1. For LYS234, which lysines qualify as cross-link partners when the Cα separation must be under 22 Å and same-chain residues fewer than eight apart are set aside?
2. Using only alpha carbons, build the gyration tensor for region 196-290 and give me the equivalent ellipsoid semi-axes, biggest first, whole Å.
3. How about region 175-231: which trypsin sites (Lys or Arg not before Pro) there are in a DSSP loop, with at most 11 other Cβ atoms within 10 Å of their Cβ?
4. Per q in 0.34 Å⁻¹, report the Debye log10 I(q)/I(0) for region 43-89, using one uniform scatterer on each alpha carbon and no solvent.
5. Quick one: what does P(r) look like for the chain with 20 Å bins over all Cα pairs, in whole %?
6. Describe numerically, in nm with one decimal, the distance between label points set 7 Å from Cα along Cα→Cβ at ARG102 and at SER320.
7. Using only helices, what value at 222 nm comes out for the chain when you add -39,500 (n - 2.57) per DSSP H run of length 4 or more and divide by the total residues, to the nearest 500 deg cm²/dmol?
8. If I build a Gaussian network model for the chain, linking alpha-carbon pairs within less than 10 angstrom, which residue out of MET278, MET227, MET159 has the largest mean-square fluctuation?
Amino acid sequence: MKSVKILPLISVTLSASLFLAAGSRNAAAGPAAGKLNVKILEWDVPTAKARPHDPAVGRDGALWFTEQLANKLGRLDPATGAIREFPLKTPNSGPHGLVADRDGNIWYTGNYAGLIGKLDPRTGGVTEYKMPDPLAGDPHTLVFDAQGILWFTVQGGNMVGRLDPQSGKIDLKKVPTKDASPYGMGVNSKGIPFFCEFGSNKIAKIDPKTMEIAEFTLPEGTRPRRMAIAADDKIYFTDFEQGHFGRLDPATGAVKMWASPGGANSSPYGMTIAPDGMVWYSEAGVKPNTIVRFDPRTETFSEAKIPSGGGVVRNMAATSDGRIYIACSGVNKIGLVEMNAKPQAHVRAGHSSQLSN
């Protein structure tokens, strides 16, 4: 196991002066955050109680999302607000993770049915790939590498896997740490997959050739849930358990942690990195949920409230032009976050457009 160096500047506690400066924040709160000047647009998912889960950016720029309890995938055209839903093949498959391939197909994990599916949006046809091991019953998050290989985590099965779309072959690998609960995932610029071990205080990497797993230990009590990998291959992650936000440098093993603005019970969750290098995430334990932007250059936070309340933003996706897609599970909405935008003069009926405070 690779050792981890904890930088001297790491701090997950706050000085008394910072608490006083925060005013209304209590002793459990994190650092004061600036106002995030964003416009947040939200749309209702047509199927009631669909539980929209992971969003993704389609090849055409559309917002794709899973409808975990409705057994559908959804597509939003942000320009018109039109939403189309695609029913899936296996009943109650529990679509969870979502990613688009270079040909425009949409891949998803059947979290309740032990499968990975591929939707052809042109025909609505679905191809399914069953897990070769019955213990791998809940594939979770998935991501493509530059070679077109699909990598994924299996949370309850405590495995990671890869799927070759050309052959349909699936390989699985058990995670060394017991009950590691593999969760969020990403691939760095060198083609190396990394994943969060939500059940432990570790982040791990996979050798793309041998599938051997090496683990990085984070500070005690950390529970990394989602991750995003920056252009310099540093890994940012949300610590759902302790209300922290962290960064791992896999090249050195160095870890740095920050208290999230919402404090110890803020439950940082879904996240992404925009093309300009800004890191975005949401605090699920704050009501209403927040959208938080972290600037790695200045190590400062800005935040805004989600108009609908969010109802737990489980993941995010960044577009090539810097907008952020979100799925607000508990309120059955999907959303779009835009920086420094003016309110629209007209919004389609049934949709909301609000400038955050």
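1. By straight Cα distance, LYS234 reaches LYS2, LYS5, LYS190, LYS202, LYS205, LYS209, LYS256.
2. Working: eigenvalues 104, 47, 25 Å².
Result for region 196-290: semi-axes of 23, 15, 11 Å.
3. Details: sites: LYS178, LYS190, LYS202, LYS205, LYS209, ARG225, ARG226; in loops: LYS178, LYS190, LYS209.
Of the trypsin sites (Lys or Arg not before Pro), the ones in loops of region 175-231 whose Cβ has at most 11 other Cβ atoms within 10 Å are LYS178, LYS190, LYS209.
4. Taken in order of the listed q values, log10 I(q)/I(0) reads -1.37.
5. With 20 Å bins starting at 0, P(r) equals 32, 59, 9, 0.
6. My value for the distance between the label points is 1.4 nm.
7. On the way: 1 runs with 6 residues, N = 357.
Helix-only estimate at 222 nm: -500 deg cm²/dmol.
8. MET278
The values are calculated or read from the model by the stated rules, or taken from the named source; none is laboratory data. This structure is a prediction, so every number in the text was calculated from the model and none was measured. Cβ coordinates were reconstructed from backbone atoms using ideal geometry, including for glycine residues, and neighbour counts include every protein chain displayed. Remember, those area values only see protein heavy atoms, side chains included, never the ligands or the DNA or RNA. Shrake-Rupley method; radii C 1.70, N 1.55, O 1.52, S 1.80 Å.
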